[in-house]
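Structure, as structure tokens:
The values are calculated or read from the model by the stated rules, or taken from the named source; none is laboratory data. These numbers come from a predicted model, not from an experiment. Please note: Cβ atoms are built from the backbone with ideal geometry, for glycine as well, and neighbour counts cover all protein chains shown. Calculation scope for accessible area: heavy atoms of the full protein, side chains included, ligands and nucleic acids excluded. Shrake-Rupley method; radii C 1.70, N 1.55, O 1.52, S 1.80 Å.
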Amino acid sequence: MASQPGAALRLFLLISGLRAGLLQQGRSSSLHGSSETFALPDSFYEQLQSSGERQNLETENVTVVEGEVATISCRVKNNDDSVIQLLNPNRQTIYFRDFRPLKDSRFQLVNFSSSELRVSLTNVSIHDEGRYFCQLYTDPPQEAYTTITVLIPPNNLVIDVQKDTYVEGEEVEMNCTAMASKPAAVIRWYKGNQELEGSKTEVEAMDNKMFRVRSQISVTVLREDDEVPFVCLVDHPAVKDLETRQYIDVQYKPAVMVSVVYPQGLTREGEPLELSCRAVGKPRPEKVTWLRVDDELPDHVLIEDEKLFISSLNKTDNGTYRCEASNSVGSSSADYTLFVYDPPTTPPPPTTTTTTTTTTTPSTIPDTRAAEEGPLGVDHAVIGGVVAVVVFAMLCLLIILGRYFARHKGTYFTHEAKGADDAADADTAIINAEGGQNSCEEKKEYFI
């Protein structure tokens, strides 16, 4: 059996439902106007707020972009067939169960059941922002709220510059303004794909919780910046990739470069010479001029547009040749220094022919030094061969002499007459020798 407070609450809800039926017949107005909706006593709302520890009602905050659809959901975790009600920030009833007392057709019932009341709000505006209440008529009653936050993207993005054409080296001041956004937009600057630093930002608060943001940046332009976009990019939760671009026309004086078309190697006497001058500037260079520094151009020099020709070089052509180009911004030049070398000479043919046998060893890198040395390398080979032959002949001679002396080397023996050792003098020794004087003829010498 229900308690007396519970019965009284149900009786009060029944009366409230009857009053809501009467309101549906035309006595309620839109969300922005007054509405003759029923209002519960203050003690009833105090009782709702004091029942948080037994909260059985859930809802979520909603963030929506202006003009889009916001969906409010009141969910019951464990429902006992209690009545669900949705109220606007002014405490006007939007939906009582599946009944809409408020005559605002932008509110539409999406789902109604014993566990959920889901309502959509189309074409949301800044005036719809605020706190919406979900109420569950239990014993005691419960309440939860959801906040609708409306985002407003910038409705205009403009870059202002003082002029469209600049000269290289000038400073360009650009301003980018994002009008009427909520929340305030964040502006970033880019030059091509490179982000720029050093901008100054001002944020101005407007009516209806909106903001105006102005960003300023100063850049010294170079020739590389010509036709490169300067981008003002907005970071904002209500919009993605919102940007505007500004192209700067940068004028600059010519850049001049001289190149040799022919010859590709040394410039030798008697050979032709062709030079080319290339000049790039904005606006396009009006005229390209050739001259010779500190001297007059030779009479045999031919100039055709941006090219200089000399059919046959000689030593009098030596000097510095200059190409000049100019436009409305300024002038520039580039120099080429000409030095004429002697004509190539042909080496005399060799008077002797030498056959050389060479033994090669495996190698991964071929030896090209002999081919590079030419006739001088052949002379060195001949001299080396002669020296080797002389050294070999001397060695052979030494070996022959050595063997000869070794063969005739021996000991000298003398056979003297017996008895000579006992003689007092040489004459006596000879007389006393065996065989007398006659034996002297038989004395022999031997070489062994």
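Scanning segment 237-254 for any residue that is among the acidic types (Asp, Glu), in a strand (DSSP E or B) and more than 30 Å from Thr201 (Cα to Cα) turns up nothing. Do you know which of the residues in segment 80-118 that are of a type in the set (Lys, Arg) and modelled with pLDDT of 90 or more is farthest from Glu58 (Cα to Cα)? For segment 80-118, the residue satisfying everything is Arg106. Cβ separations smaller than 8 Å between residues 6+ apart or across chains give the following pairs from segment 129-140 residues that are over 17 Å from Val83 (Cβ atoms) to residues that are of a type in the set (D, E, K, R): Glu129/Lys209.
If the condition is being open to solvent by 80 Å² or more (accessible area, probe 1.4 Å) and more than 31 Å from the chain's Cα centre (by Cα), then segment 235-283 contributes Tyr262, Gln264, Leu266. When Asp299 is tested against (1) farther than 30 Å from Pro183 by Cα; (2) touching a Cys at 6+ places or on another chain (Cβ under 7 Å), only condition (2) is not met.
How many of the residues in segment 203-236 are over 25 Å from Tyr247 (Cβ atoms) and part of a strand (DSSP E or B)? Even if it seems obvious, please write down each step before you answer.
As a first pass, look at segment 203-236 and keep what is over 25 Å from Tyr247 (Cβ atoms): 203-212.
Filter once more, so that each one left must be part of a strand (DSSP E or B): 203-205, 211-212.
Total satisfying the criteria: 5.
Taking residues in segment 263-284 that are closer than 30 Å to Glu227 by Cβ, and partners anywhere that are open to solvent by 40 Å² or more (accessible area, probe 1.4 Å) and part of a strand (DSSP E or B), the pairs with Cβ atoms closer than 6 Å and at least 6 places apart or on different chains are Ser276/Ser259; Ser276/Val261; Ser276/Lys307; Arg278/Met257; Val280/Ala255; Gly281/Lys253; Lys282/Gln251. Residues in segment 113-129 that are open to solvent by 50 Å² or more (accessible area, probe 1.4 Å) and under 15 Å from Thr147 (Cβ atoms): His127 only. Report, by residue number, each residue of segment 194-217 that is touching a residue at least 40 places away in the same chain (Cβ under 8 Å) and open to solvent by less than 60 Å² (accessible area, probe 1.4 Å). Across segment 194-217, the qualifying residues are Met210, Val213, Ser215, Gln216, Ile217. Which one is farthest from the chain's Cα centre (by Cα), of the residues in segment 92-109 that are farther than 25 Å from Asp80 by Cβ and surrounded by fewer than 18 Cβ atoms within 10 Å (Cβ to Cβ)? In this case the residue turns out to be Lys103. Does segment 64-78 contain at least one residue that is among the polar types (S, T, N, Q), modelled with pLDDT of 95 or more and either within 11 Å of Pro141 (Cα to Cα) or surrounded by fewer than 18 Cβ atoms within 10 Å (Cβ to Cβ) (or both)? Yes, there is a match, as at least one residue in segment 64-78 is among the polar types (S, T, N, Q), modelled with pLDDT of 95 or more and either within 11 Å of Pro141 (Cα to Cα) or surrounded by fewer than 18 Cβ atoms within 10 Å (Cβ to Cβ) (or both). Only one of these is assigned to a strand (DSSP E or B) and either farther than 18 Å from Gly265 by Cβ or in contact with a strand residue (DSSP E or B) (Cβ under 6 Å, 6 or more places away or on another chain) (or both): Ser328, Ser333. Name it. Only one candidate passes the filter, namely Ser333. The set of residues in segment 293-325 that are surrounded by fewer than 16 Cβ atoms within 10 Å (Cβ to Cβ), in contact (Cβ under 8 Å) with a residue 12 or more places away in the chain and either charged (D, E, K, R) or not in a loop (DSSP other than H, G, I, E, B) (or both) comprises Asp294, Asp295, Ile303, Asp305, Lys307, Phe309, Lys315, Thr316, Thr320. Of the set (1) open to solvent by less than 80 Å² (accessible area, probe 1.4 Å); (2) out of contact with any Phe, Trp or Tyr (no Cβ under 6 Å at 6 or more places or on another chain); (3) touching a residue at least 24 places away in the same chain (Cβ under 8 Å), all apply to Val231 but (2). Only strands (runs of 3 or more DSSP E) whose full extent lies in segment 110-158 are considered here, and the ones with at least 1 residues that are of a type in the set (D, E, K, R), more than 45 Å from the chain's Cα centre (by Cα) and under 13 Å from Val76 (Cα atoms) are 116-121, 142-151.
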